[in-house]
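Worksheet: one structure, shown below.
The values are calculated or read from the model by the stated rules, or taken from the named source; none is laboratory data. Just so it is clear, the model here is predicted, and its values are computed rather than measured. Cβ placement follows ideal geometry from the backbone for every residue including glycine, while neighbour counts extend to all protein chains displayed.
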Amino acid sequence: MKKSDRAYSKWFVDEVYPHENALKAWIDSRFSGVCDSSDVVQEAFVKILEARKRGPIVNPRAFLFITARNLVLNHIRHFKYERPPGIREVDEFSIADELRTPLEKVVYSEEIDLLKEAIKSLPEKCREVVTLRKVYGLSILETAEFLAVSRHTVETQSAIGLKKCMRYFEQRGYQVRG
């Protein structure tokens with residue numbers, strides 16, 4: 001085994017594999033009955049290893065969870081018209097608010113709904129970049145790798161998206177600090 005292969009394996013064992021159980025639990029809690037969480041985790045592992053071959057991944061945990069989420073959403077989209085009974089529609093733009101207190105949920109619900117609307121109103125590529133960068137916290141490089149676009153594209157689309165979101169808020173009477 002080459003030194004680079006050992007480093008690659010060590011990176012996976014240290015940075016990615018420890019999140020397996022948490023990822024399975026998260027998939028089961030969010031997408032129960034939609035697909036097999038073990039299959040999604042394995043496919044997410046393959047995707048993150050492929051991405052790692054192209055360059056470093058700054059936040060492997062975030063990348064892994066976003067990859068798994070997208071795999072499940074792709075599965076749902078594929079079976080959208082053949083959805084089994086009891087499986088609810090998944091809101092692709094739901095902002096992870098499981099960590100908010102009930103009071104915070106009430107206080108911020110209007111702004112969150114408005115932010116969702118603003119993001120939904122963006123062109124597709126712009127929406128993907130803003131969601132990955134600002135909602136899920138991926139770096140410019142991680143976002144570029146994930147979407148298979150250049151860093152420049154991520155920077156440009158991010159700036160455009162944020163300006164359009166700010167304009168969206170301003171048009172609805174909110175004061176936005178730039």
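A few comments on the model shown:
- In the range 1-24, of all residues being of a type in the set (A, V, I, L, M) and over 17 Å from the mean Cα position of the chain (by Cα), the one that is farthest from ASN74 (Cα to Cα) corresponds to MET1.
- Condition met for PRO102 (modelled with pLDDT of 80 or more and surrounded by fewer than 17 Cβ atoms within 10 Å (Cβ to Cβ)): no
- Of all positions in the range 128-137, at least one carries a residue that is in a loop (DSSP other than H, G, I, E, B) and either more than 17 Å from the chain's Cα centre (by Cα) or modelled with pLDDT under 80 (or both).
- Residue ID - farthest from PRO56 (Cα to Cα), chosen from residues in the range 31-45 that are under 19 Å from the mean Cα position of the chain (by Cα) and in contact (Cβ under 8 Å) with a residue 24 or more places away in the chain: VAL34
- Restricting the range 27-44 to residues that are in a helix (DSSP H, G or I) and touching a helix residue (DSSP H, G or I) at 6+ places or on another chain (Cβ under 7 Å), the residue that is farthest from ARG133 (Cα to Cα): SER38
- Some residue of the range 149-163 being at pLDDT below 85, of a type in the set (Asp, Glu) and assigned to a helix (DSSP H, G or I): no
- Taking the conditions (1) farther than 19 Å from GLU145 by Cα; (2) among the aliphatic types (A, V, I, L, M); (3) out of contact with any Lys or Arg (no Cβ under 8 Å at 6 or more places or on another chain); (4) at pLDDT below 90 in turn, ILE66 satisfies each one other than (1).
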